[in-house]
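Reviewing the structure listed below.
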Amino acid sequence: MADFLFEVGLEEIPARMIAAAEDELARRVFELLTREQLLEPGQEAQSYSTPRRLAVLVSGVREAQADMEEHLTGPAWNIAFKDGEPGPAAQAFAKKAGVAVTNLKKVQTPRGEYVGASTVRKGRTAAEILEEALPKEIAAIYWPKNMYWREGKPERFVRPVQWMVALVDEAVIPVEFAGVTAGRATYGHRILHGSEPVEIVKPADYLKKLESAKVLADVEVRRQKIRKALDHATRKVEGALWREDEPLVDTVTHLTEWPSVLLGGFEHEYLELPEEVLVTVMRDHQKYFAVEDAKGKLAPYFLTVLNTEPDEEAAGIIQHGNERVLRARFNDARFFWTVDQKISLADRVDMLQAVTFHKELGSYWDKTQANREIAKRLADLVKQQGVAVDEKALLRAVELAKTDLTTELVKEFTELQGQVGGLYARAQDEGEAVAQAIYWQYSPASMEDAIPPTVEGQLLGLADRIATITQMFGIGLEPTGSKDPYALRRAANAVVKILAESAIPLTMIELMGWSPEVSGRLGHNDDEAAKLLNFLRERVEFYLRDVRGFAYDIVNAVMNNVVSGKVGVGWDDVRDTVARAKDLSEVRGSEDFAAIATAFKRSKNILRQAAEKGLLKAGEQLDVSESLLTDEAETGVFRAASKLAPVVGELRAQREYKAALEKIATLRPDVDLFFDRVMVMVDDEKLRRNRLALIQFVLESFSSIADFSEIVAG
Amino acid sequence: MASALKNQISKQPLTFQEVLFRLQSYWAERGCVLQQPYDIEVGAGTMSPDTFLRVLGPEPINIAYAQPSRRPADGRYGENPNRLYKHLQLQVILKPPPADIQDLYLASLEAIGIDLREHDIKFEEDNWEWPVGGAWGVGWQVMLDGLEITQFTYFQQCGGMDLDPISGEITYGLERLTAFLQDVDSIYEIVWARDPRTGREVTYGEIRLQEELQLSVYNFEAADVSKLWEHLRMYESECQALLASFHEVFSKKAEKEAERHEKKHEHVVHGDGPVPAAEDLQQQLRRFPVLGAYELCLKCSHLFNLLDARGAISVTERVAVMARIRAMVVGVAKAYRQQSVGLTA
């Protein structure tokens, strides 16, 4: 068995693209070897990458495919052979199969006797196959942004290919791609090793050879080295910690071949700038890690990850250079902060007329007006429900919310929009409630983020997003498939998260300002409200399943509960839906409850079949007549259910879902007995209708929390 | 560490003009034609015809030039130590880019006294785009100890046309680079020149501060908005008229060529009929001032930037004016190509 190594050397690949490309190359090579039956079972592909290379190493590669015996069947024997002599058909078949006529055999088939031939197909060598197939696999790697570089534009790839290494054990496979022929020479670190080629004798040497040329090709090894070096460098400051930042660790891992870490500092005076600004400059603009003291407060230090290993003198130079850059950046930020204070947020409101929100929907000034209408309506609704809202602060926050888009600081650090507005509002004595609401308006930006901490901030965030979503749907810009250019799904996800995790007592329908009848439009797609409704329902489902991690059957069950005789409207109350999903998840494991779920599924099936056979009209409500209950088991279920229904109803009203569900589970003995003993679809029409009425009664009495028939037994 | 720094500084880093000399010599030694700065206002070295037009078409070219680049909105009255209304770029175009272009670039840093073993250098993804010129490319920003010192781009499209061959573009920010080498915190403290006889130093501030201040005042306060609009309209209409007449000439030539081809065919077949001379049209095409039209585009672009700095362009106008300038710039690029193709055909 042989080892196979393949490396493609490139000019610096964008950090964000490396991980996926490394995986894809490994997968493609592995699948190629598997497809071509060149791989021993149980093998795995090891993959490596640095900014200048992607590599894959596979052990257990066969040097050649096994020879394959093939059995061919030709014409019928008595057509091919007349009197034992081969005719033209036999000659033709032998030629096609590549065997002598004398080697043709008689084979028995279900259709009779036929001419057969056995041939051996010689297995091809791994070298042959790889040389032929690898260029196509490399060319097929997906890159978010490609370029061409050679004259005549023969290929597109992420960056120009500089070299390739392809070895089956010690033999070079001269794979050709992008004008480069693979050999055994790779290259080490640009500076620390220089441009001398590094010869790889055999695949197993790869990592070691590169390491001696100052390249750590294993991404995880680099990541751990960086983390350790960050810890180590931070120790120079008493009690300090570096601020964990997984995405930044990932980025710098993909920006380096031989990483090390340097600690730098900045003057105390810059700590007067808001922490948000300092951290953004360090993280987003300089890829530095922030350092905090033992109390979690930002300390005047930073950590930078280098792609080199400097001696003490060089370390001093590099540290000095980085400190200089950071100081200039902080100076800029301070300059913008000072300039921005010359025009207050209040005086910037009219400037919003010059900032386009969307070319059909107008400016941010127009958007502010739309946001105000909705914020006002929401404040009224919420107050009616007894929630305290500082309405004046809310409307002031709405008024000023977008004005930071005109500030120099936000033009420079766009990712700080909202936060800058909040900080300026505070500095300009707009009051804490206003400042907080503005500051948090774009939260949650992702599903990992927290929601705004204040009611005013939550209402501003809701109003802003609802205005955007409705207006965009209004001009036909709803998301389709993978296309969502205005990030409306993200906006709606944030709406759902705020409703689910805040104390704002609004349903989705109330939030949108719809009449309750709109809920009947679910599943339709013919008007705007219906489209929006389906869109929002999808987002609630997404939140329950993907953000909260509820099982899909639990999600289906709680979203299809019965509310005042209607199905599919209960999800509208997001917080309540979450609570039901939570409690339902807890009881689903109990044996009694599983039995109830099965019984409910059975009941639902019976009712559906009855409706299909025309024994029941669609939506027909039946009444149970007690006098027609003939079996003890029927009476038992009816009495138990009648007694339990008000109790469960009361618990449901109190949102004591777990208690309610546990009560429902106590129905099990009666329900089990009923289905054991009683046949519903009997010939006697009166009896049958009464029994249908009975199961309908039970289903409807106990489906207000969830549609248990959705629960999958498990 | 302090002594190490002192060592560095005592090496006496290059002056601003020496950095420029060294880089120019470096690239000249590697086959670049040294061009002088273009004498019309541009926002970046890319907009000089020596880049924008020369990257079009198949003819190889290696060229380098310093280019003062004006960005009116970036003016800070000379008060901000890191921002300038007008900064100096060194632009290098290598078409087609040699396979070792990155190594060539790194060696150019050594040429200005940067010992790469004492620094941290990274190539970080940064793609370049000039929508008004229908131009974009992929590449990197080159980071030296956390400072962006160079924009490195493989041009892919220009004037809305795919490039073949592509060009490699290396743009050094000379003020940043020199401030780094000299370890000064303000651009204005950069030593521009040092008299070798007396050791007397002239700073960047002495040469340029007044200009930064006065042109910031002009750009933000004094420029007459209605006159700027008037200038813009004048340049624009002249450029559009030139482009229109180019298309007239060019389509006439194409027509004639088709006609001549037919006549030749007839001549061969029937042995009679005169062949029209195309020399006069060829001459007309050669003389046509496409480059003049491009200069008018550059004027428009700069006036647009001035109006923008004056805050005189509303959102709706912005989109519309940018689209008109784009149409002119892309139109010139296409005309330039048609002209070259027409003349070599």
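Scanning region A:227-284 for residues that are of a type in the set (Gly, Ala, Ser) and at pLDDT below 95 gives a single hit, A:Gly239.
This table checks each residue for (1) within 14 Å of chain B (Cβ to nearest Cβ); (2) over 25 Å from B:Ala107 (Cα atoms); (3) crowded, with 17+ Cβ neighbours inside 10 Å.
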position: A:Trp149; (1), (2), (3): yes, no, yes
position: A:Arg156; (1), (2), (3): yes, yes, no
position: A:Arg159; (1), (2), (3): yes, no, yes
position: A:Gln162; (1), (2), (3): yes, no, yes
position: A:Leu167; (1), (2), (3): no, yes, yes
position: A:Ala171; (1), (2), (3): no, yes, no
position: A:Val180; (1), (2), (3): yes, no, no
position: A:Ile191; (1), (2), (3): yes, no, yes
position: A:Gly194; (1), (2), (3): yes, no, no
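Determine whether B:His119 is within 12 Å of chain A (Cβ to nearest Cβ) and touching a Leu at 6+ places or on another chain (Cβ under 9 Å). Criteria met by B:His119. State whether the residues of region B:68-87 include one that is open to solvent by less than 30 Å² (accessible area, probe 1.4 Å), under 30 Å from B:Gly205 (Cα atoms), within 15 Å of the chain's Cα centre (by Cα) and more than 14 Å from chain A (Cβ to nearest Cβ). Scanning region B:68-87 turns up at least one residue that is open to solvent by less than 30 Å² (accessible area, probe 1.4 Å), under 30 Å from B:Gly205 (Cα atoms), within 15 Å of the chain's Cα centre (by Cα) and more than 14 Å from chain A (Cβ to nearest Cβ).
Filtering region B:133-151 to residues that are open to solvent by 10 Å² or more (accessible area, probe 1.4 Å) and of a type in the set (A, V, I, L, M) leaves B:Met143, B:Leu147.
Scanning region B:152-198 for residues that are assigned to a loop (DSSP other than H, G, I, E, B), surrounded by fewer than 20 Cβ atoms within 10 Å (Cβ to Cβ) and more than 11 Å from every other protein chain (Cβ to nearest Cβ) returns B:Gly160, B:Asp195, B:Pro196, B:Arg197, B:Thr198. Taking strands (runs of 3 or more DSSP E) as the structural unit, those lying wholly within region A:48-131 and holding at least 2 residues that are basic (Lys, Arg) correspond to A:105-109. Region A:212-330 holds helices (runs of 4 or more DSSP H) entirely within its bounds, and those carrying 3 or more residues that are farther than 30 Å from A:Glu7 by Cβ and open to solvent by 20 Å² or more (accessible area, probe 1.4 Å) map to A:275-280. The test for being open to solvent by less than 50 Å² (accessible area, probe 1.4 Å) and aliphatic (A, V, I, L, M) holds for A:Ala435.
Looking at A:Arg377, is it open to solvent by 70 Å² or more (accessible area, probe 1.4 Å), at pLDDT 95 or above and either among the acidic types (Asp, Glu) or in a helix (DSSP H, G or I) (or both)? Please lay out each step first, then the result.
Details: open to solvent by 70 Å² or more (accessible area, probe 1.4 Å): yes; at pLDDT 95 or above: yes; either among the acidic types (Asp, Glu) or in a helix (DSSP H, G or I) (or both): yes.
Answer is yes for this residue.
If we only count helices (runs of 4 or more DSSP H) wholly inside region A:614-714, which ones have 1 or more residues that are over 27 Å from A:Asp553 (Cα atoms)? I'd like the intermediate steps shown before the answer.
Values: elements: A:632-653, A:657-665, A:668-677, A:685-701.
Those helices (runs of 4 or more DSSP H) span A:632-653, A:668-677, A:685-701.
The residues on offer are A:Val387, A:Val382, and the sole one that is outside any helix (DSSP H, G or I) and more than 30 Å from B:Val319 (Cβ to Cβ) is A:Val387.
From A:Ala178, A:Ala166, A:Ala182, grab the single residue that is closer than 27 Å to A:Trp258 by Cβ, at pLDDT 95 or above and either touching a Pro at 6+ places or on another chain (Cβ under 7 Å) or not assigned by TED's automatic domain parsing to the domain that holds A:Ile200 (or both).
Details: A:Ala178 fails: either touching a Pro at 6+ places or on another chain (Cβ under 7 Å) or not assigned by TED's automatic domain parsing to the domain that holds A:Ile200 (or both); A:Ala166 fails: either touching a Pro at 6+ places or on another chain (Cβ under 7 Å) or not assigned by TED's automatic domain parsing to the domain that holds A:Ile200 (or both).
On inspection, the qualifying residue turns out to be A:Ala182.
Select the strands (runs of 3 or more DSSP E) contained entirely in region A:133-211, then report the ones holding at least 3 residues which are of a type in the set (A, V, I, L, M, F, W, C) and within 15 Å of A:Val56 (Cα to Cα). Break it down into steps so the answer makes sense when it comes.
Values: elements: A:161-168, A:185-187, A:197-199.
Because the criterion is at least 3 residues that are of a type in the set (A, V, I, L, M, F, W, C) and within 15 Å of A:Val56 (Cα to Cα), the strands (runs of 3 or more DSSP E) in region A:133-211 that meet it are A:161-168.
For A:Gly98, the conditions (1) modelled with pLDDT under 95; (2) open to solvent by less than 40 Å² (accessible area, probe 1.4 Å); (3) within 57 Å of the chain's Cα centre (by Cα) are fulfilled apart from (2). In region A:346-372, the residue that is nearest to the other protein chains (Cβ to nearest Cβ) out of those that are closer than 10 Å to A:Lys402 by Cβ and open to solvent by less than 20 Å² (accessible area, probe 1.4 Å) is A:Ser363. Restricting attention to region A:56-77, the residues that are touching a residue at least 60 places away in the same chain (Cβ under 8 Å) and in contact with a Leu (Cβ under 7 Å, 6 or more places away or on another chain) add up to 4. Select from region A:525-555 the residues that are more than 22 Å from A:Lys483 (Cβ to Cβ) and part of a loop (DSSP other than H, G, I, E, B) and list them in ascending order. Of everything in region A:525-555, those that are more than 22 Å from A:Lys483 (Cβ to Cβ) and part of a loop (DSSP other than H, G, I, E, B) turn out to be A:Arg548, A:Gly549, A:Phe550, A:Ala551. Taking the numbered list (1) in a helix (DSSP H, G or I); (2) over 30 Å from B:Glu317 (Cα atoms); (3) touching a helix residue (DSSP H, G or I) at 6+ places or on another chain (Cβ under 7 Å); (4) among the hydrophobic types (A, V, I, L, M, F, W, C) in turn, A:Leu352 passes all entries but (2). For the structure I just gave you, tell me whether B:Asp120 is touching a His at 6+ places or on another chain (Cβ under 6 Å) and either surrounded by 16 or more Cβ atoms within 10 Å (Cβ to Cβ) or within 22 Å of B:Ala99 (Cβ to Cβ) (or both). The answer is no for B:Asp120. Kindly establish whether A:Tyr439 is modelled with pLDDT of 95 or more and closer than 16 Å to A:Ile343 by Cα. The answer is no for A:Tyr439. The C-beta contact set for region A:472-487 (first residue in the same structural domain as A:Gly362 (by TED's automatic domain parsing), second residue among the polar types (S, T, N, Q) and not in a loop (DSSP other than H, G, I, E, B), distance under 9 angstrom, 6+ apart or interchain) comprises A:Leu477/A:Gln471; A:Tyr486/A:Thr468. Each residue in region B:89-113 was checked for being open to solvent by less than 30 Å² (accessible area, probe 1.4 Å), within 10 Å of chain A (Cβ to nearest Cβ) and either free of Cβ contacts under 8 Å to residues at least 60 places away in the same chain or over 19 Å from the mean Cα position of the chain (by Cα) (or both), and 3 of them qualify.
Quick one: in region A:566-613, of everything that is outside any helix (DSSP H, G or I) and not β-branched (Val, Ile, Thr), which residue is most open to solvent (accessible area, probe 1.4 Å)? Filtering region A:566-613 for residues that are outside any helix (DSSP H, G or I) and not β-branched (Val, Ile, Thr), the one most open to solvent (accessible area, probe 1.4 Å) comes out as A:Lys613.
Which of the residues spanning region B:301-320 are in contact (Cβ under 8 Å) with a residue 24 or more places away in the chain and in a helix (DSSP H, G or I)? So that I can check it myself, show each step before the final result.
Just the residues of region B:301-320 that are in contact (Cβ under 8 Å) with a residue 24 or more places away in the chain, to begin with: B:301-310, B:312.
Within region B:301-320, B:Ser301, B:His302, B:Leu303, B:Phe304, B:Asn305, B:Leu306, B:Leu307, B:Asp308, B:Ala309 meet the criteria.
In region A:437-445 there is no residue that is more than 17 Å from A:Glu275 (Cβ to Cβ), more than 27 Å from the chain's Cα centre (by Cα), in a loop (DSSP other than H, G, I, E, B) and of a type in the set (S, T, N, Q).
Based on what the data block shows, is B:Leu215 part of a helix (DSSP H, G or I), under 30 Å from B:Val290 (Cβ atoms) and open to solvent by less than 70 Å² (accessible area, probe 1.4 Å)? Before the answer, list the steps.
Numbers: part of a helix (DSSP H, G or I): yes; under 30 Å from B:Val290 (Cβ atoms): no; open to solvent by less than 70 Å² (accessible area, probe 1.4 Å): yes.
Criteria not met by B:Leu215.
The values are calculated or read from the model by the stated rules, or taken from the named source; none is laboratory data. Every value quoted in this text rests on a predicted model; they were computed, and no experiment measured them. All Cβ positions, even for glycine, are placed from backbone atoms using ideal geometry, and neighbour counts span all protein chains on display. For accessibility, only protein heavy atoms count, side chains too; no ligands or nucleic acids. Shrake-Rupley method; radii C 1.70, N 1.55, O 1.52, S 1.80 Å.
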